[in-house]
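A quick write-up on the structure given underneath.
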Amino acid sequence: ERGERWQKTMAVRRRQRLGPGGGRALLAAVLLCLCCRAAAERVRYSIPEELGRGSLVGPLARDLGLSADELPARKLRLSEEEQDFTVNEENGNLYVNERLDREEMCGASPTCSVSFEVLVQNPLNVFHVQVAIVDVNDNSPIFSKDALDLEIDEWTLPGARFPLEMARDEDAGSNSLLTYQLTNNPSFTLAMKENPGGKKQPELVLERALDREKQSSFELVLMAVDGGDPARSGTVQVRINVTDANDNPPVFSKRIYDARVPENLPVGSLVLRVLATDADAGSNGRVSYTFSNVPEGIRALFAVDSENGEIRTTGPLDYEGQSTYIFGLGARDGGGLTDHCEVQIDITDENDNAPEISILSLSSPVTEDAPTGTVVALLKVRDRDSGENGQVSCELSGEAPLSIVASSGGSYKVVTASALDREQASEHRVTVVARDRGRPALWSSTELVLEVSDVNDNAPVFEEAAYSAYVAENNAAGALVLRVQARDADAGANGRVSYWLAGGSAGAAGAAPLVSVEARSGALYAQRSLDYEQCREFAVEVRAQDGGSPARSSTATVRVFVLDRNDNAPRVLWPAAGPGEAPGAASAPAPFEVVPRSAEAGYLVAKVVAVDADAGRNAWLSYELVQATEPALFRVGLHSGEVRTARAVSERDAAKQRLVAVVKDHGQPALSATATLHVVLAESLQEALPELSERAAGADAPAAELQFYLVLALALLSALFLLSVALAVLARLRRA
């Protein structure tokens, strides 16, 4: 994404010694910053060792292409396993978190670097950072002993060389290149011999013949000086004892011995055998083997048998800790003459380390509407083995819409492979399996738990698309009609459903709505009493809406059927009620029917016509004759209401007949009404008129009689009032 960039500032290292003023020795170093994008998403820096806590390493955010305004949102941070460095969240600079000692971190390795991952969010990405630790000359050359003892025969000829122990410097590069100096002495000088490994072996050269009787011993000082600036030095005392003739030093069969052994070799295993021979006889030809100036770490892992030269392991060998060991051995005869050789032991790798999986970042929960390919986790997989033993492949185990994609530097991205659906699975558990290519292969695993957060992608769904409810009329206001229920597969507010009326014919029968719905429960209640005769059925639409943003909704139709109750009595349409038969009835003449006296049985006299506003059984009517002048003369049809003669009319039958029929419905309880029918037995209408006139006069008589009683009552009340007034006046006058 960015082109190559190389910034390099030469480091100037300067060390000052403590002066009279008590000033403190300082290391003034200018930061050597190396930022190279040789590979995508990789940043390199270079710093000297021994920098103090808080020292600047480099402008990490700028080198990653992040501006200061982006830092709060991108959340720049280092991987959790990194403890040596820290990043400032405000300016994005990389700083030293603790003092770094190159020798502790990398030992004798010619190069030393620390690699770690840098994570940024929104979008999630990983960058690889490598910080090279440059050596500074902070270690002086040291010898394994305070004094080197040599025994030289007085008959030794001038020009003879005696190998001396080499000093050891923990630094690297030019800081570890040693030169040697010897105190001036006319009998001895110092010569340098270059070993096959490139190191210089100091040798003591005899310049003139020795005479034990004149001087039996010499004390010299050997100084080793490194190549640092300023240089550091170390000294060792060389004590020479002049002995009688031992004219053959021991000689190793090789200058360099090498061996290859596998790691995890059992303690006590033979690594190799060195051999030095001495041509002298007796004690002067008896050779013993010892380590030269070697670190304590070598002595902890290997031991040399002083008699036979066998080198055996004394501790566990670990290829990942160190793959090569180089050290010196010395052979010494009984007369004090020595020889030195170099031993190189290469450790071969065994597949003894399973891959290590580190979760750098896990974006959980992730929204269910995340697009395919969204990075949900960053992993770092490392195998400390090398070669095929350290080559790792990763895979996901488990049923989940996720896949793993290899990134650079041993990093892996876990991405969504398909759409997520929280309603189907609110949590996904997968196992990341890392397997190397060793034989047998080693593997390790870790579980990833990815929670899926809800988005409002589901509308409420009613249990039924259409509901039917049945309510008996004359119900109480507020009576429960029906309870609807809709379910939303979402969670939280997205799945919280509320209800209201969306429309319909609820108010078709009147201005006020007939039902209402409770928002939380979905219960429909009647707003007022329902009347089957006014509204037999109606429909409303109930809307269910969730609490998401934006909200989603759906509707269902509720059809309410009003059930009839027997709340209406039959109403007689014919014959119409006569005077006094019904309250408030008009004083129209009562209906009558003329039946000839020659009528036979079954003669149709009239038909009682009645209706009932109710429905069903409540409106089924039946007729019954309850009163008649001649009960045996007439009958009424049970269901038809037809009034017929039950027998033939005879001369003995009265001319005027009064029939009372009751009309009843089939409700529970049954309601009824009565109908009065007047029948005149006459052959013609002229013959029936006198009878009708008498019936009219008879009908007026009760009215005249009632009027008489009213006038009489009024006169009596007036007389009582006047009498009371007179008595009251007389009583007042008498008191006066």
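The values are calculated or read from the model by the stated rules, or taken from the named source; none is laboratory data. Because the structure is predicted, anything quoted here is derived from the model rather than measured. Methodologically, a virtual Cβ is constructed for each residue, glycine included, from the backbone with ideal geometry; neighbour enumeration extends over all protein chains shown. When the accessible area is computed, the model is the full protein with side chains, heavy atoms only, and any ligands, DNA or RNA have been set aside. Shrake-Rupley method; radii C 1.70, N 1.55, O 1.52, S 1.80 Å.
Key figures for this structure:
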| quantity | calculated |
| --- | --- |
| Any hit, the range 226-249, residues being more than 30 Å from SER187 (Cα to Cα) and more than 60 Å from the chain's Cα centre (by Cα) | no |
| Check on ARG255, charged (D, E, K, R), within 30 Å of ILE347 (Cβ to Cβ) and open to solvent by 60 Å² or more (accessible area, probe 1.4 Å) | yes |
| The one condition in (1) of a type outside the set (S, T, N, Q); (2) open to solvent by 50 Å² or more (accessible area, probe 1.4 Å); (3) in a loop (DSSP other than H, G, I, E, B) that ARG239 fails to fulfil | (3) |
| Of all residues making up the range 611-647, the number that are surrounded by fewer than 18 Cβ atoms within 10 Å (Cβ to Cβ), in contact with a Lys or Arg (Cβ under 9 Å, 6 or more places away or on another chain) and part of a loop (DSSP other than H, G, I, E, B) | 7 |
| One residue from GLY336, GLY373, GLY330 being farther than 23 Å from LEU301 by Cα, of a type outside the set (Phe, Trp, Tyr) and in contact (Cβ under 8 Å) with a residue 60 or more places away in the chain | GLY336 |
| Elements of type strands (runs of 3 or more DSSP E) in the range 88-164, at least 3 residues being in contact with a strand residue (DSSP E or B) (Cβ under 6 Å, 6 or more places away or on another chain) and open to solvent by 10 Å² or more (accessible area, probe 1.4 Å) | 113-120, 125-134, 147-153, 161-163 |
| Of the criteria (1) open to solvent by less than 30 Å² (accessible area, probe 1.4 Å); (2) part of a loop (DSSP other than H, G, I, E, B), which one LEU329 fails | (2) |
| Any hit, the range 207-230, residues being closer than 27 Å to ILE311 by Cβ, open to solvent by 50 Å² or more (accessible area, probe 1.4 Å) and out of contact with any helix residue (DSSP H, G or I) (no Cβ under 6 Å at 6 or more places or on another chain) | no |
| Elements of type strands (runs of 3 or more DSSP E) contained in the range 345-432, each with 1 or more residues being farther than 20 Å from GLU320 by Cα and open to solvent by 50 Å² or more (accessible area, probe 1.4 Å) | 356-362, 392-397, 402-406 |
| Residue, nearest to THR243 (Cα to Cα), within the range 284-322, restricted to residues that are part of a loop (DSSP other than H, G, I, E, B) and open to solvent by less than 30 Å² (accessible area, probe 1.4 Å) | VAL287 |
| Any pair with Cβ under 7 angstrom, 6 or more apart, that starts in the range 653-671 at a residue that is in the same structural domain as SER684 (by the TED database) and ends at one that is open to solvent by 10 Å² or more (accessible area, probe 1.4 Å) and of a type in the set (Phe, Trp, Tyr) | ALA661/TYR623; VAL663/TYR623; ASP665/TRP620; HIS666/TRP620 |
| Residue that is nearest to PRO371 (Cα to Cα) [pool: residues in the range 438-460 that are more than 26 Å from the chain's Cα centre (by Cα) and surrounded by fewer than 18 Cβ atoms within 10 Å (Cβ to Cβ)] | TRP443 |
| Filter result for SER598 (at pLDDT 85 or above, out of contact with any Phe, Trp or Tyr (no Cβ under 9 Å at 6 or more places or on another chain) and closer than 19 Å to ALA682 by Cβ) | yes |
| Criterion (modelled with pLDDT of 90 or more and out of contact with any helix residue (DSSP H, G or I) (no Cβ under 8 Å at 6 or more places or on another chain)) met by exactly one of GLU296, GLU310 | GLU310 |
| Some residue of the range 503-513 being over 30 Å from VAL452 (Cβ atoms), crowded, with 16+ Cβ neighbours inside 10 Å, over 33 Å from the mean Cα position of the chain (by Cα) and modelled with pLDDT of 90 or more | no |
| Residues that are hydrophobic (A, V, I, L, M, F, W, C) and within 26 Å of ALA108 (Cβ to Cβ), drawn from the range 148-187 | LEU148, LEU164, MET166, ALA167, ALA172, LEU177, LEU178 |
